[in-house]
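See below for the structure under consideration.
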Amino acid sequence: MLTQEENQFLTQVGPGTPAGELLRRYWHPIALAQDLSDENPTKFVRILAEDLVIFRDKSGRTGLIADKCPHRNASLVYGRVEERGISCVYHGWLMDCDGNIIETPPERNDAIMKNVKTTAYPVKIHVGLIWTYMGPQPVPPMTRYDTLFRKDGTRTIRLHPVLDSNWFQAMENSMDPAHLQVLHQEFIGRGKQPVSTTRGFTDDVEAFEFRTTDWGLMKKRTYKNGSVDEHPVCFPTILRQGASTQYRTPIDDTHTWHVHVNFFPTEDGSEPDDAFDPEVEFMEPYKQPPQAMHPEAHFTLQNVISQDHMAWETQGPIANRTKEHLSYSDRGVVLLRRITKEQIEKVQRGEDPMGVQRGEHPEMINTNIDEDWWQQNRPRPEANAAKA
Ligand code: FES
Ligand SMILES: [Fe+2]
């Protein structure tokens, strides 16, 4: 159980909040690369509770700047993109990708152009996604996880419906291995029926263990038949499970962008030309009506991820952790909360939190994908989703 203050400390994402400042030390995926086109060169996004516009100017550069025009606050999502940036439709002020104001019609206001900048964040396009870093200088490189940077494989992207809850509920679920055997029992039995729906397949498991790494937390299930299932949380917003690297990018305190990058290594180590050019699969809504909230919404529970969305959303927009009763099996959740608090405190001391790399060519991080369960069972990406 947490106090209300502790709950806010771990969950809030806005600028200046403790967890918000932690989250601003990492690159996050924020949109699909294909969301921008010549026909649709702008897109509104809310990320970490900031309202922003992604745009591609006519020089081919991608920018991410404040949605509100620095002149008198009209939205730049309606801006006209030009060679040098984006021009507000209201009076024509022109901003470049770095947030500089480079024209101020109808007059030329040198004082404003020299002294005022609009909020702008660096952007990268990688594996079919647009990424940003919203923290202080110096900007670190993207953390080099194997599933994002290895060349010897192909990738797909799976975009899920927006999750109408706080990001930390999804991350706690990633350190909660016991739920698999109960919540997902219809999908993991391979034809077997559990003896009891209360325990599901819990009695197949010998032990749950947890440990930390330099860049995250590892959870491990050892089954009574001797098989082992071990996969990591790549701190703070990623679950790497089987083929999938699952990103939970906070939109604001009560909404989360949820996208999976699946990586399939080639058998022979060859490097396909399209390794970084994934196809995108759009998942159907997991509840009806799709915009409704519990209890008006009805979750379909048609697959593992919709079951997870049900569990995360029905905990509440931000789970009320002053009203929980943790048990021994929640020790992974307790560990995640402790590590998150420690990493927030590191940021507050001016240090880099876990998983931030420095230098131009940081080392690739091996998340153990080759040893993971799915490798012995492929091709079974759907079955792997069942282990999340
Ligand atoms: S509000 Fe954008 S130019 Fe005036
Ligand atoms: Fe799950």
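The values are calculated or read from the model by the stated rules, or taken from the named source; none is laboratory data. Just so we're clear, the structure is a prediction, and the values are computed from it rather than from any experiment. When we count neighbours, we look across all protein chains shown, and the Cβ atoms used for this are built from the backbone with ideal geometry, even at glycine.
Of note:
- Condition met for Phe168 (in contact (Cβ under 8 Å) with a residue 40 or more places away in the chain and either more than 26 Å from Ile318 (Cβ to Cβ) or not assigned by TED's automatic domain parsing to the domain that holds Val347 (or both)): no
- Residue satisfying condition, being among the charged types (D, E, K, R), in contact with a Gly (Cβ under 6 Å, 6 or more places away or on another chain) and either modelled with pLDDT of 95 or more or in the same structural domain as Leu335 (by TED's automatic domain parsing) (or both), within set Lys219, Lys192, Lys151: Lys219
- Taking the criterion of being aromatic (Phe, Trp, Tyr) and over 13 Å from Met171 (Cα atoms), the residues of the range 206-237 that qualify are Phe208, Phe210, Trp215, Tyr223.
- Complete set of residues in the range 70-90 that are among the aliphatic types (A, V, I, L, M) and crowded, with 17+ Cβ neighbours inside 10 Å: Leu76, Val77, Val81, Ile86
- Among the residues of the range 336-361, the ones that are within 14 Å of Leu23 (Cβ to Cβ) and not in a helix (DSSP H, G or I) come to 5 in all.
- Answer residue from the range 315-331, given it is farther than 29 Å from Ala207 by Cβ and of a type in the set (S, T, N, Q) and is nearest to the chain's Cα centre (by Cα) among those: Asn320
- Among the residues making up the range 181-201, those that are within 14 Å of ligand 2 (Cβ to nearest atom) and over 14 Å from Asp330 (Cβ atoms) are Gln181, Leu183, His184, Gln185, Glu186, Phe187, Ile188, Gly200, Phe201.
- Counted residues, the range 26-42 - those being within 21 Å of Val261 (Cα to Cα) and either among the charged types (D, E, K, R) or crowded, with 16+ Cβ neighbours inside 10 Å (or both): 10
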